1. Report, ordered by chain and residue number, the aspartates and glutamates lying within cross-link reach of residue 87, taken as a straight Cα distance under 17 Å and ignoring same-chain residues fewer than 8 apart.
2. Could you give the length gained on full extension between residue 2 and residue 85, defined as 0.36 nm per residue of separation minus the Cα-Cα distance, in nm?
3. Ordered by residue, what ³J(HN,Hα) values in Hz, to whole numbers, does region 70-75 give under the Karplus form 6.51 cos²θ - 1.76 cosθ + 1.60, where θ = phi - 60° and Gly and Pro are x?
4. Could you work out which residue, out of 11, 84, 32, moves most in a Gaussian network model of the chain, that is, has the largest mean-square fluctuation with Cα springs under 10 Å?
5. Pop out the ³J(HN,Hα) list for region 23-38 in order, Karplus 6.51 cos²θ - 1.76 cosθ + 1.60 with θ = phi - 60°, rounded to Hz; leave Gly and Pro as x.
6. How long is the gain from residue 76 to residue 39 if the chain were fully straight, where each residue apart is worth 0.36 nm and the alpha carbon distance is subtracted?
7. Set Lys and Arg Cβ to +1 and Asp and Glu Cβ to -1, take the dipole of the chain about its Cα centre, and tell me which of 63, 9, 36 lies farthest positive.
8. Using Cα-Cα distances under 8 Å and only pairs 6 or more residues apart, what relative contact order does the chain have, in percent?
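A short reminder: the numbers here are calculations on the coordinates, not readings from a lab. Just so you know, these numbers come straight off a predicted model, no measurement behind them. For neighbour counting, all protein chains shown are included, and Cβ atoms are generated from backbone atoms with ideal geometry for every residue, glycine included.
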Amino acid sequence: MADIDIEIAYACPEKQVLYRLRVPAGTTVRHALHKSPLAQDFPELDTNGVPLGIFGKRADDHTVLQAHDRIEVYRALIANPKQARRKRAAQAKQHQA
């Protein structure tokens, strides 16, 4: 089997990383993540359970990668977006008064 080139992207508040890897064709999303240096660079990250996607679309662990796919490692939201919007709107209204 031929090898394929892929990327793994991860962003945290301190920095962003993009790893370029060559993996065997037929490699799954989770297997590629484990082959990357991500766990070594971010030991606090649970690489077994962290949600993943490919180009912004959620992917399960058994999704087989295609050449040039970019795996995105997602983090938990810090705040509920709807609640954060309401809070900002209330603060803006308060400052206008």
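1. Output for residue 87: empty list, no partners.
2. Once the chain is fully extended between residue 2 and residue 85, it gains 25.1 nm.
3. These are the phi-based 3J(HN,Hα) values: 10, 7, 10, 9, 8, 10 Hz.
4. Result: 84 has the largest fluctuation of those listed.
5. Using θ = phi - 60°, the values come out as 10, x, 4, x, 5, 8, 4, 5, 5, 5, 4, 5, 7, 7, x, 4 Hz.
6. 11.6 nm
7. Among 63, 9, 36, the one farthest towards the positive end of the dipole of the chain is 9.
8. For the chain, the relative contact order is 30 percent.
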